[in-house]
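Enquirer: Below: one structure in structure tokens.
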Amino acid sequence: MKLSMMYSYLNTDLALIEKELETTIQGEHPVLKQAGLHLLQSGGKRLRPVFVLLGGKFGNYDIHVIKNVAVALELIHTASLVHDDVIDDADIRRGKPTIKAKWDNKIAMYAGDYILGSSLEIITRLENPLLHKILSNAIVEVCLGEIEQIKDKYDFDQNLRTYLRRIKRKTALLIAVSCQLGAIAADVPEETHKKLFLFGYYVGMAFQITDDILDFTGTEAQLGKPAGSDLLQGNITLPVLYAMQNKYLKEQIIQVSELTTPEEINSLITSIKQSNAIMHSEMISNRYLAKAYKVLDELPPVRARNTLSSIAKYIGKRKY
Amino acid sequence: MIDLQDIKKKIADLKGLIENKIKHSYLQKFVEVPEIDEDKIILLYSIYDDLRLPGEQLENYILTTMLVHQALDTHETVPNQLYNSNDHVRIQQLKVLAGDYFSGLYYYLLSQSDDISLIRTLAEGIKEVNESKIYLYQQDNNQIDKLFSCIETIESAIVRKIVKSFEIKKWEDIATTFLLLKRLVHERELYMTSGSSILFETLKNILFPKQQQIFLKNNLNKEQEAFVLRAFDKQFENVVQTMEKVLYTNSNINELLRKRMNDLLSLSSNFTMNKIVEEG
């Protein structure tokens, strides 16, 4: 089943969020208008808004309240992508030119900051202090995660714990708080919103591990970038950590540096794919998913619970 | 009124507090963050002190407002071209992240004290500043007044939002004029010493549209150069006059801020003196 079919009953509300995104992401300046439109048309799965809405379904769901959380989180995510493209010097994202490629770094920096400002303007329509404490902490942690990612590049001595902490900050946290903040905005009891946080965290971890696996197993057409790009850029992901348990592979992996070319790395990518590193990584991803299902079992039996379960299943099986 | 030494000590303490907050062991190794603007601290201290905020809240408000400025100033240093050397690439990457981190910290600190309204006020300011930065960067201002108003917004939108939200109107003129004049002094110095200033480039394009694509100082003849400078100075003198008026009509501005404003006026009068000498 297609991902969007799993939550098609949210379509009216998602359309409202899309409209809201459209009006808030565009400033008065034509460049901001174009950039905003460009970013929206570049799409994305809008996973975070979906998680926010589903979190809200466990409480007093009022779309006019919850939409603020959904829009703000998607904007925070968007702002970080616009800046990430400057960091990665990326010209293409989801098959479309990035803001920095279409204009330049300066415009990307200004647009990213503008979008972050918009997101905070929107989220402060809600005055719940807990919501702001959780979200602001997540934003700081995401930044720290990105700083760490740069620090850890080409560091082949890093361990599993370092990797897991990095992907928690980089990916899982924002998904976790999406589920939790949707619930908080719908006044759900503490016990429930904390469980929703855990669910999002486990799913987010599985999502990122799957992403890291796909970087090896996906095709260039599916990934929109050559396979093995992460390793080439010095990002030590779970498959690499497992592959390094093989002495022969480790010797080759630790040779990878800023000077390595895509051609030079091809055979290494094939060797990693053929090793059991991929299988071991899938097992870890599945363990996170199993934890996610377990938390779901402890949540009230509302329709959103089944949807969250389907999404978790999809994430575990996705191929690109 | 608190005496000069006391205020100086407070400002130094506040600067230390900000420096401490933006410290990050890894970032520090690679990124030289922009100098913390002491004048902004003095201005914010004067505004928040006027509101009779309790010590801790005053500190937190200054700290978080300065974090926003620091974030935007750090992002301003991200160049358009990433250098090829790996070390340089890393520095530029970390500049982006440092700015994002400082923005995150402002939100985090205000959320810890449940100051949601100030989070919103500063966020509105961030939006306005960045939109104006795009106008300036794209050289979209086709009138001199618009150009100077754009610079004014970039420099003072955040403080103006604060002043508006606390309904302390008297500070609007003081803050706006002080910050604008400071930027104009900086741009004029930049132009006179290096010939490169986005404000002057835009001004040239407004005054001599034929040269729209030529940004180098040398592409204008001497007369045209003098014309550009005169156009700038006309605006500049208006701001100087407003500043003098602001100082005259606001007798209760604290001693340190008054001193800084007077220092700026002295610097400005040097420009005028030079001009008289140049024009002979």
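Enquirer: Does the stretch A:201-215 hold any residues that are open to solvent by less than 40 Å² (accessible area, probe 1.4 Å) and either out of contact with any Gly (no Cβ under 8 Å at 6 or more places or on another chain) or of a type in the set (Lys, Arg) (or both), and which are they?
Expert: Result: A:Tyr202, A:Val203, A:Gly204, A:Met205, A:Phe207, A:Gln208, A:Ile209, A:Asp212, A:Ile213, A:Leu214.
Enquirer: For the stretch B:91-100, does any single residue satisfy the condition of being open to solvent by 50 Å² or more (accessible area, probe 1.4 Å) and outside any loop (DSSP other than H, G, I, E, B)?
Expert: Scanning the stretch B:91-100 turns up no residue that is open to solvent by 50 Å² or more (accessible area, probe 1.4 Å) and outside any loop (DSSP other than H, G, I, E, B).
Enquirer: While we're on this one: Could you check the stretch B:51-85 and list, in sequence order, the residues that are hydrophobic (A, V, I, L, M, F, W, C), in contact (Cβ under 8 Å) with a residue 40 or more places away in the chain and away from every other protein chain (no Cβ under 11 Å)?
Expert: Hits for the stretch B:51-85 are B:Leu51, B:Ile62, B:Leu63, B:Met66, B:Leu67.
Enquirer: Quick check on my filter: what residues within the stretch A:121-154 are over 16 Å from the mean Cα position of the chain (by Cα) and more than 7 Å from every other protein chain (Cβ to nearest Cβ)?
Expert: Result: A:Ile122, A:Ile123, A:Arg125, A:Leu126, A:Asn128, A:Leu130, A:Leu131, A:Ile134, A:Glu148, A:Asp152, A:Lys153, A:Tyr154.
Enquirer: A further question on this structure: Restricting the search to the stretch B:61-88, which residues are in a helix (DSSP H, G or I) and open to solvent by 30 Å² or more (accessible area, probe 1.4 Å)?
Expert: Of everything in the stretch B:61-88, those that are in a helix (DSSP H, G or I) and open to solvent by 30 Å² or more (accessible area, probe 1.4 Å) turn out to be B:Asp73, B:Glu76, B:Asn86, B:Asp87, B:His88.
Residue-by-condition table, conditions (1) under 15 Å from the mean Cα position of the chain (by Cα); (2) closer than 21 Å to B:Val239 by Cα; (3) of a type in the set (Lys, Arg); (4) modelled with pLDDT of 95 or more:
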position: B:Ala123; (1), (2), (3), (4): no, no, no, yes
position: B:Gln139; (1), (2), (3), (4): no, no, no, no
position: B:Arg160; (1), (2), (3), (4): yes, yes, yes, yes
position: B:Leu179; (1), (2), (3), (4): yes, yes, no, yes
position: B:Leu184; (1), (2), (3), (4): yes, yes, no, yes
position: B:Ser194; (1), (2), (3), (4): no, no, no, no
position: B:Ile214; (1), (2), (3), (4): no, no, no, no
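Enquirer: Please determine whether any residue of the stretch B:192-206 is closer than 30 Å to B:Asp6 by Cβ and of a type in the set (Gly, Ala, Ser).
Expert: no
Enquirer: So, one more: For A:Ile213, indicate whether it is touching a residue at least 40 places away in the same chain (Cβ under 8 Å), touching a helix residue (DSSP H, G or I) at 6+ places or on another chain (Cβ under 8 Å) and farther than 21 Å from A:Ala292 by Cβ.
Expert: no
Enquirer: Check off (1) surrounded by fewer than 24 Cβ atoms within 10 Å (Cβ to Cβ); (2) in contact with a Lys or Arg (Cβ under 8 Å, 6 or more places away or on another chain); (3) among the polar types (S, T, N, Q) for A:Ser118 and give me the number that stays unchecked.
Expert: Failed condition: (1).
Listed here are the residues, each with its yes/no results for (1) under 21 Å from B:Gly125 (Cβ atoms); (2) open to solvent by 60 Å² or more (accessible area, probe 1.4 Å).
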| position | (1), (2) |
| --- | --- |
| B:Thr153 | yes, no |
| B:Ala157 | yes, no |
| B:Leu181 | yes, no |
| B:Ser197 | no, no |
| B:Asn221 | no, yes |
| B:Phe236 | no, no |
| B:Thr249 | no, yes |
| B:Ile253 | no, no |
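Enquirer: Given the conditions (1) at pLDDT 95 or above; (2) closer than 26 Å to B:Tyr26 by Cβ; (3) open to solvent by less than 50 Å² (accessible area, probe 1.4 Å), and given that A:Glu148 satisfies all but one, which numbered condition is not satisfied?
Expert: Of (1) at pLDDT 95 or above; (2) closer than 26 Å to B:Tyr26 by Cβ; (3) open to solvent by less than 50 Å² (accessible area, probe 1.4 Å), only one is false for A:Glu148: (1).
Enquirer: Still on this structure: Output the residue which, of all residues in the stretch B:27-44 that are part of a helix (DSSP H, G or I) and free of Cβ contacts under 8 Å to residues at least 60 places away in the same chain, is most open to solvent (accessible area, probe 1.4 Å).
Expert: Residue satisfying both the conditions and the ranking: B:Lys29.
Enquirer: A further question on this structure: What do you reckon, is B:Ser117 buried (at least 21 other Cβ atoms within 10 Å of the Cβ), in a helix (DSSP H, G or I) and either small (Gly, Ala, Ser) or more than 7 Å from every other protein chain (Cβ to nearest Cβ) (or both)?
Expert: Answer is no for this residue.
Enquirer: Could you please find all residues in the stretch B:82-133 being charged (D, E, K, R) and over 19 Å from A:Asp84 (Cα atoms)?
Expert: Within the stretch B:82-133, B:Asp114, B:Asp115, B:Arg120, B:Glu124, B:Lys127, B:Glu128, B:Glu131, B:Lys133 qualify.
Enquirer: Something else about it: Please go through the stretch A:15-48 and pick out each residue that is more than 30 Å from B:Asn141 (Cα to Cα), among the aliphatic types (A, V, I, L, M) and surrounded by fewer than 20 Cβ atoms within 10 Å (Cβ to Cβ).
Expert: Those that are more than 30 Å from B:Asn141 (Cα to Cα), among the aliphatic types (A, V, I, L, M) and surrounded by fewer than 20 Cβ atoms within 10 Å (Cβ to Cβ): A:Ala15, A:Leu16.
The values are calculated or read from the model by the stated rules, or taken from the named source; none is laboratory data. Bear in mind the structure is a predicted one, so any value in this text is a computation, not a measurement. A quick note on method: Cβ atoms are made from the backbone with ideal geometry, for glycine too, and the neighbour counts reach across all protein chains shown. Accessible surface is based on the protein model in full, side chains and every heavy atom, while ligands, DNA and RNA are left aside. Shrake-Rupley method; radii C 1.70, N 1.55, O 1.52, S 1.80 Å.
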